[in-house]
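Each remark here refers to the structure printed beneath this line.
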Amino acid sequence: METTFQDLGISFSLYKAPIKEASGYRGLGTCSICHTPQQHLFDAEEYGKEDSEVTACHSCLKAGKAIIVKDTEYGLITSEQIDTLMTHPVPMSKEEMNKSGFEEVIVEEDEDFGVWVSRKLTKNIVTELASTPNFISWQGERWLFCCQHPMTYKGVWKIEDFHKNAPNNGKQFFETIVEDIEEGLWDEKFGDCVTYYVFECKKCKRLRVYWDMA
Ligand SMILES: [Zn+2]
Ligand SMILES: [Zn+2]
């Protein structure tokens, strides 16, 4: 088994992947917020100070003194969102609106594009996301939601992992949970450059997977 944060005595309810898949984990050192030595540190920014660079411990993250900026399918979450609870707007068509279960606000309308939409999340959701490590990805991480809650990141899968998790029907399992499937993905036409990011809903146990490539 790969080492997890839980093995180190620090746990994150939304991050259950191996440590080696986390981005911005810096190992043991002195926290630049509370100055406690021998802490597991993460690249973060000081709450309220956009683009400040600190290495913060688990306790400071949990206390909200430092935050890890998070990109989600509902928009970016930075210090500002901890206060306003409104995500940075993301572009979409009007038809795609009102499926998140959160209040949605059109910030800008564009004839070609559609609309730019912010979602109003809850304090618990933004603080939990902002205190969760990010994961390594090719094109930037994108946290997924289900049941009006952020999903738990389980880690990266390869095609063989779909077989392992559904021994008799890997392909159907793949087609059920992977989003925006393109031809050739399952047949590994793209070889090793495709990475699948797997999330699980704590509430309904559903899996959702998105992918990108180098
Ligand atoms: Zn600290
Ligand atoms: Zn769910």
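Just so you know, all these numbers are worked out from the coordinates, no wet-lab data involved. Only a predicted model underlies this, so the values are computations on that prediction, with no experimental measurement involved. So basically every Cβ, Gly included, is an ideal-geometry build from the backbone, and we count neighbours across all protein chains shown.
For this structure, a couple of remarks:
- Segment 8-50: C-alpha gyration tensor shape, a/c 1.5 cut-off, then a/b vs b/c: oblate
- Centroid-to-centroid, using Cα positions, segment 151-214 and segment 109-145 are 21 Å apart.
- Charge dipole (debye, nearest 20) of the chain; +1 at Cβ of Lys and Arg, -1 at Cβ of Asp and Glu: 1300 debye
- Basic side chains Lys and Arg get +1 at the Cβ, acidic Asp and Glu get -1 at the Cβ, and with that the dipole of segment 144-214 about its Cα centre reaches some 580 debye.
- Label-zone membership for segment 130-157, site Trp186, 7 angstrom Cα→C-beta point, backbone N under 18 Å: 157
- Of the trypsin sites (Lys or Arg not before Pro) found in segment 153-190, the ones in coil according to DSSP and having at most 12 other Cβ atoms within 10 Å of their Cβ are Lys189.
- Prolate/oblate/rounded label for segment 144-214 (Cα gyration tensor, a/c 1.5): prolate
- Over 24 Å between alpha carbons, listed pairs Lys70/Lys203; Lys70/Lys123; Lys70/Lys189; Lys94/Lys123; Lys94/Lys189; Lys99/Lys171: Lys70/Lys189; Lys94/Lys123; Lys94/Lys189; Lys99/Lys171
- Annotation note: GluC sites (Glu not before Pro) in segment 76-178 located in DSSP loop regions with a Cβ neighbour count of at most 10 within 10 Å are Glu111.
- Theoretical ellipticity at 222 nm over the chain - DSSP helices of four or more residues, -39500 (n - 2.57) apiece, nearest 500: -4000 deg cm²/dmol
- Relative contact order, percent, segment 1-122 [alpha-carbon distance under 8 Å, six or more residues apart]: 14 percent
- Shape category assigned to the chain from the gyration tensor of Cα positions, a/c cut at 1.5: oblate
- Under a model in which nothing but the beta-carbon of Lys, Arg (+1) and Asp, Glu (-1) is charged, segment 78-152 shows a dipole of about 440 debye around its Cα centre.
- Trypsin sites (Lys or Arg not before Pro) lying in DSSP loop within segment 48-104, provided at most 16 other Cβ fall within 10 Å: Lys49, Lys99
- Multiplying the residue separation of Thr3 and Glu80 by 0.36 nm and subtracting their alpha-carbon distance yields 24.4 nm.
- Of all DSSP beta bridges in the chain, antiparallel share, percent nearest 5: 95 percent
- Take the Cα of Arg26, go 7 Å toward its beta carbon, and the backbone nitrogen atoms of segment 134-170 under 15 Å from that spot belong to 134.
- The relative contact order of the chain comes to 17 percent, based on Cα pairs under 8 Å that sit 6 or more residues apart.
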